[in-house]
Amino acid sequence: MDYHQLQEEVKAYAKEIGIDKVGFASVDVFGELKARLVRQEQLSYQSGFEKGSVEERTEPARLLPEAQSIISIALAYPSKMKDAPRSTRGDRRGIFCRASWGRDYHDVLRDRLNKLGEFLKEKVPEVKFKSMVDTGELADRAVAERAGIGFSGKNCATITPEFGSYVYLGEMITNIPFIPDEPVDDSCGDCNICVDACPTGALVQGGQLDANRCIAFLTQTKGFLPDEFRSKIGNRLYGCDTCQTVCPKNKRKDFHLHEEFEPDPELVKPKLKPLLSISNREFKEKFGPMAGSWRGKKPIQRNAILALAHYKDESSVDELIRLMNEDPRPVIRGTAAWGLGKIGTAQAFEAIEQAWEKENDESVREEMKKGLDFFTNSY
């Protein structure tokens, strides 16, 4: 078989089905990545969302014993929203990061990879492959870097020459010996803007991320948000774009190539107060198709409370009092109490004091104490 010809056909078909960039990589062990992952474990910089062992994440043959090459794909997504609604006093809004705009990218990229797999089956009936998007064992960015999709920037994102870092990544390990592409040269140079701009110092240094301090990770956790990050989250409901939006490589990068990724402004920049009373069914119907819904409504609601506290939104006090008194989830009751203290009205403090008398959960009582301390410390 003429594998060079097949490779050209794969490139042409990829473009035909809406893959913006495709590259090919060897299945050699990702040695540099392995050393970095071991170091990340030693420093406790991992988020806990990672799948597989260090070996599985860096040795493609462990995932497909017949592996001979990896196909890496990239799809560009928009960086700007048309007709974005404004957040106004008394009617504040939160924000989902750009990577959660439109339909869940996992579904879209899996669709493209499935089509690519069917194409390969037609050409090579005995083909074997394994596809992954984000939640697989392989590190998408390491594969993309080796396949010439882009280079790994200091912000730990894959930066492509064409689309900046606003790309989704996926890959397919195959038993076909495709010719590897050449990597793209790293061009961050002396620029350190992303590291300096990181709100929580999660970018320890260029190319090294402490995931436990990253707002993108923190917005997805389900427990109480650690105190030190509550003033940093702002109105973010899911994810964080800071290290991308400040990157010079992303200047004027805004591609609207896929209808699936176009944002619904009312969903990606939703009003905060309605989120506090949204039912499970309504949440699933409205936000279910978005990547940012994967952890359910609890983290989104907690973050909405923190955003209202950030704005000191007095119009939300009644609803926060209801949550503090009635919500069955300690994290929501406690965060509501903290938020009430942050907003700081007399009604809010009186409500916290009254709720304190009947609250039995120690974690919630601790948050109530923090809320009351705002009042004490203001005098």
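The values are calculated or read from the model by the stated rules, or taken from the named source; none is laboratory data. All of these numbers come straight from a predicted model, not from anything done at the bench. Neighbour counts run over all protein chains shown; Cβ positions are idealised from the backbone, glycine included.
Here are the numbers for this structure:
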read-out	value
Filter result for the condition that a residue is over 31 Å from the mean Cα position of the chain (by Cα), under 23 Å from residue 93 (Cβ atoms) and in a helix (DSSP H, G or I), over 307, 355, 348, 336	348
Count - residues of the stretch 101-111 that are buried (at least 21 other Cβ atoms within 10 Å of the Cβ) and over 16 Å from residue 263 (Cα atoms)	1
Selected residue [under 26 Å from residue 74 (Cβ atoms), at pLDDT 95 or above and assigned to a loop (DSSP other than H, G, I, E, B)] from 249, 253	253
Failed item in (1) at negative phi; (2) loosely packed, with under 14 Cβ neighbours inside 10 Å; (3) touching a helix residue (DSSP H, G or I) at 6+ places or on another chain (Cβ under 9 Å); (4) at pLDDT 95 or above, with residue 201 passing the rest	(1)
Residue 183 being more than 22 Å from residue 195 (Cβ to Cβ), part of a loop (DSSP other than H, G, I, E, B) and free of Cβ contacts under 8 Å to residues at least 24 places away in the same chain	no
All positions within the stretch 261-292 that are part of a helix (DSSP H, G or I) and touching a residue at least 60 places away in the same chain (Cβ under 8 Å)	261, 265, 266, 267, 268, 272, 273, 275, 291, 292
Odd one out for residue 145 among (1) at positive phi; (2) of a type in the set (Asp, Glu); (3) more than 18 Å from the chain's Cα centre (by Cα)	(1)
Flag for residue 367 being of a type in the set (Asp, Glu) and free of Cβ contacts under 8 Å to residues at least 60 places away in the same chain	no
Filter result (out of contact with any helix residue (DSSP H, G or I) (no Cβ under 6 Å at 6 or more places or on another chain) and crowded, with 17+ Cβ neighbours inside 10 Å) within the stretch 263-285	263, 267, 268, 269, 270, 278
Condition broken by residue 91, with the remaining ones in (1) touching a strand residue (DSSP E or B) at 6+ places or on another chain (Cβ under 7 Å); (2) surrounded by fewer than 14 Cβ atoms within 10 Å (Cβ to Cβ); (3) more than 30 Å from residue 297 (Cβ to Cβ) satisfied	(3)
Number of the condition not met by residue 23 [criteria: (1) surrounded by fewer than 17 Cβ atoms within 10 Å (Cβ to Cβ); (2) of a type in the set (Gly, Ala, Ser); (3) within 27 Å of residue 211 (Cβ to Cβ)]	(1)
Filter result (touching a helix residue (DSSP H, G or I) at 6+ places or on another chain (Cβ under 7 Å), assigned to a loop (DSSP other than H, G, I, E, B) and closer than 17 Å to residue 121 by Cβ) within the stretch 1-18	17
Search result, residues across the stretch 154-190 that are loosely packed, with under 15 Cβ neighbours inside 10 Å and touching a Pro at 6+ places or on another chain (Cβ under 9 Å)	187
Matching residues, the stretch 140-158, being within 20 Å of residue 14 (Cα to Cα) and in contact with a Phe, Trp or Tyr (Cβ under 7 Å, 6 or more places away or on another chain)	145, 147
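Yes/no matrix, rows are residues, columns are (1) modelled with pLDDT under 95; (2) more than 24 Å from residue 184 (Cα to Cα); (3) part of a loop (DSSP other than H, G, I, E, B):
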site	(1), (2), (3)
66	no, yes, yes
81	no, yes, yes
110	no, yes, no
114	no, yes, no
119	no, yes, no
122	no, yes, no
138	yes, no, yes
148	no, no, yes
